[in-house]
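Written below as structure tokens is the structure these notes are about.
The values are calculated or read from the model by the stated rules, or taken from the named source; none is laboratory data. As the structure is a computational prediction, the values presented were derived from the model and not from experiment. When we count neighbours, we look across all protein chains shown, and the Cβ atoms used for this are built from the backbone with ideal geometry, even at glycine. Keep in mind that these areas ignore ligands, DNA and RNA; they rest on the heavy atoms of the full protein, side chains included. Shrake-Rupley method; radii C 1.70, N 1.55, O 1.52, S 1.80 Å.
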Amino acid sequence: MKTTSLQVEHLTVQLSGKTILKDVSFAVHEGEVLAVVGKSGSGKSTLIKALSGHCFSCGDISFTARHNGEPRVVAITQQHKFKNLSNVSSFYYQQRFNSSDAEDTVLLNDVLQQITTDDQAITDVLSWLGITHVRYTRLIQLSNGEQKKLQLAKALLRQADWLLFDNPYTGLDTASRHSLSMIMEQLAAKGIGILLVTTESEIPPAVTHVAVLEKGYLQPRITHQAFDLHKPVTATVAKQALPIQQGIPEVYRYDNFATAVKMVNTNVTYGNKKILHNINWEVKRGECWRIAGGNGAGKSTLLSLVNGDNPQAFANEIYLFDRRKGSGESIWDIKQKIGYVSPELHQHFEPGATCFEVVASGLFDTIGLFRQLTGQQKKITLHWMELLQLTDFANRPLLQLSNGEQRLVLLARAMVKNPPLLILDEPCQGLDAQMAAAFVEMVNDICTVLKKTLIYVSHYNEEVPSCVTRTLLLESGKIAA
């Protein structure tokens, strides 16, 4: 008879009066790895929070420790949150590109030394995870893959008995996903308990059993092999015409331009490390581009030169909307013409910010709504929420929505001022296959009907809209031949 390593009985979670998990019961036995899958909004991330003690729940949860004492359970989250040296965690991620702000964050090595002073143990775990080269890098400058491995390093140095992964492949390129899958297999072989929530298309080989979470209810688990044999086919997204040309006010129509972005021999350097090397790139009006490349290739830095206030933009020859950057325009003049969605954006809104407030904040390019709206501004906000079928969420806090619902709210925020340029950085992170397909189709319609210029970042070919016809491939900060 197999030993039970995790027993969950009658787990129920309610948030703001809404039941997210309903009487969930399951067991994981020794030598098993369980993956919980389900659509966006089914409660997967809430399950990880409940099991790791990061949200209030009712029911019984019992983990078994590998050694004597209380079991050590660590959640590996989608995005690594940390504080800077000023003890602030609410800074905007674009600060990684400002040298003074970056200097205010700790080194990876400092974080691990807070766990153990055993230098050899730190060296061994970093070597095993393949991140020795970033040991003395500041946290804010780590790539998504490096942040994920840092979370693992912290857990291993704490001798975790259980690792709970929340969508472990979020933000990782192909090589990093393969590396993480191999790490999971090795961890399971060492006897470390693993449970993860993920999408149906990204179940790692280490998984032995799969259970489907649907509308808060967990179906009986089956073997990984049986799940693959009976995996449901993703429904085709029904195309529908979006009436997006109607009701765009004159105040949000912009002067014509020939070139949205032009970079001439652009370089970005931090200390002794060169991030971008002699980038020559031109995005003409109406073109739709994909930026591709592995974690750490320089994609986010490139975007920061366009959308953010990376101070190194002013030391380079960069043109935005036919005007050289630094020739007298303000950062707000630039942002007014750009709609932006990033993987981290939702984290920077106050917990109580409603979806209506989040969408309306796009009119002013602020992280939150800090002024009264005119009647026309309210009408525009509601127009885009209705268009993207978000009206029912208007008064709900953004952070209480599923990842997929949050992405649609952020897309509405990006579109609310009818910007001529859209920058969508990994917009489908955390979405199930059907919702991702619907989102991509919606972006394609917006760009096609309104003739938007698009810069799109994704590690997945199937998540790229069909309107994209050009690709910029970065490798180690250089444009690949």
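The set of residues in segment 188-234 that are at pLDDT below 90 and either touching a helix residue (DSSP H, G or I) at 6+ places or on another chain (Cβ under 6 Å) or among the polar types (S, T, N, Q) (or both) comprises T199, S201, T234. Taken over segment 437-475, the criterion of being polar (S, T, N, Q), open to solvent by 10 Å² or more (accessible area, probe 1.4 Å) and in contact with a Pro (Cβ under 7 Å, 6 or more places away or on another chain) is satisfied by N444 alone.
Look at segment 359-371: where a residue is on the phi > 0 side of the Ramachandran plot and a partner is surrounded by fewer than 19 Cβ atoms within 10 Å (Cβ to Cβ) and β-branched (V, I, T), sitting 6+ places away or on another chain with Cβ atoms under 9 Å, you get D365/I331.
Residues of segment 253-289 that are within 30 Å of A175 (Cβ to Cβ) and either of a type in the set (A, V, I, L, M) or in a loop (DSSP other than H, G, I, E, B) (or both): V261, M263, V268, G271, N272, I275, L276, I279, V283, E287. All told, V207 meets the bar of being assigned to a loop (DSSP other than H, G, I, E, B) and surrounded by 15 or more Cβ atoms within 10 Å (Cβ to Cβ). Filtering segment 321-351 to residues that are at pLDDT 90 or above and open to solvent by 10 Å² or more (accessible area, probe 1.4 Å) leaves F321, D322, R323, R324, K337, Y340. Residues in segment 290-310 that are surrounded by 21 or more Cβ atoms within 10 Å (Cβ to Cβ) and in a strand (DSSP E or B): 1 in all.
Among the conditions (1) crowded, with 23+ Cβ neighbours inside 10 Å; (2) modelled with pLDDT of 90 or more; (3) under 24 Å from K49 (Cβ atoms), the only one that R407 does not satisfy is (2). Would you check if R413 is surrounded by 24 or more Cβ atoms within 10 Å (Cβ to Cβ), assigned to a helix (DSSP H, G or I) and modelled with pLDDT under 90? Answer is no for this residue. Contact annotation: residue pairs with Cβ atoms under 8 Å, 6 or more positions apart or on different chains, pairing a residue in segment 117-134 that is over 11 Å from K149 (Cβ atoms) with a partner that is part of a helix (DSSP H, G or I) and open to solvent by 40 Å² or more (accessible area, probe 1.4 Å), are I122/Q113; T123/T132. Residue count for segment 97-150 under the criterion of being open to solvent by 60 Å² or more (accessible area, probe 1.4 Å), modelled with pLDDT of 85 or more, part of a helix (DSSP H, G or I) and of a type outside the set (D, E): the result is 6. Test L431 against the criterion of being among the aliphatic types (A, V, I, L, M), under 17 Å from the mean Cα position of the chain (by Cα) and in a loop (DSSP other than H, G, I, E, B), and give yes or no. The answer is yes for L431.
The set of residues in segment 151-177 being outside any helix (DSSP H, G or I), closer than 20 Å to V36 by Cα and either open to solvent by 20 Å² or more (accessible area, probe 1.4 Å) or among the charged types (D, E, K, R) (or both) consists of D161, D166.
Counting the residues of segment 210-231 that are assigned to a loop (DSSP other than H, G, I, E, B) and either closer than 11 Å to L34 by Cα or open to solvent by less than 60 Å² (accessible area, probe 1.4 Å) (or both) gives 2. Is segment 378-397 home to any residue that is β-branched (V, I, T), surrounded by 14 or more Cβ atoms within 10 Å (Cβ to Cβ) and within 21 Å of the chain's Cα centre (by Cα)? So far as segment 378-397 goes, no, none of its residues is β-branched (V, I, T), surrounded by 14 or more Cβ atoms within 10 Å (Cβ to Cβ) and within 21 Å of the chain's Cα centre (by Cα). Just one of the listed residues (L401, L369, L388) is at pLDDT below 90, farther than 28 Å from E214 by Cα and either in contact with a Phe, Trp or Tyr (Cβ under 9 Å, 6 or more places away or on another chain) or of a type in the set (A, V, I, L, M, F, W, C) (or both), and it is L369. Whenever a residue of segment 454-481 is within 14 Å of I279 (Cβ to Cβ), its partners that are surrounded by fewer than 16 Cβ atoms within 10 Å (Cβ to Cβ) and modelled with pLDDT under 95, lying with C-beta atoms within less than 8 angstrom and at least six residues away or across chains, give the pairs L473/A480; L474/A480; G477/K274. For segment 317-343, enumerate the residues that are in contact with an Asp or Glu (Cβ under 9 Å, 6 or more places away or on another chain), assigned to a loop (DSSP other than H, G, I, E, B) and either of a type in the set (G, A, S) or under 27 Å from L408 (Cα atoms) (or both). Residues satisfying the conditions are F321, Q336, S342, P343. Restricting attention to segment 178-202, the residues that are closer than 17 Å to L163 by Cα, touching a residue at least 60 places away in the same chain (Cβ under 8 Å) and open to solvent by 30 Å² or more (accessible area, probe 1.4 Å) total 2. Anything in segment 33-60 that is open to solvent by 50 Å² or more (accessible area, probe 1.4 Å) and touching an Asp or Glu at 6+ places or on another chain (Cβ under 9 Å)? List them, or say none. Of everything in segment 33-60, those that are open to solvent by 50 Å² or more (accessible area, probe 1.4 Å) and touching an Asp or Glu at 6+ places or on another chain (Cβ under 9 Å) turn out to be K39, G41, K49, D60. Scanning segment 352-363 for residues that are buried (at least 17 other Cβ atoms within 10 Å of the Cβ) and outside any strand (DSSP E or B) gives A353, C355, F356, E357, V358, V359, A360, S361, G362, L363.
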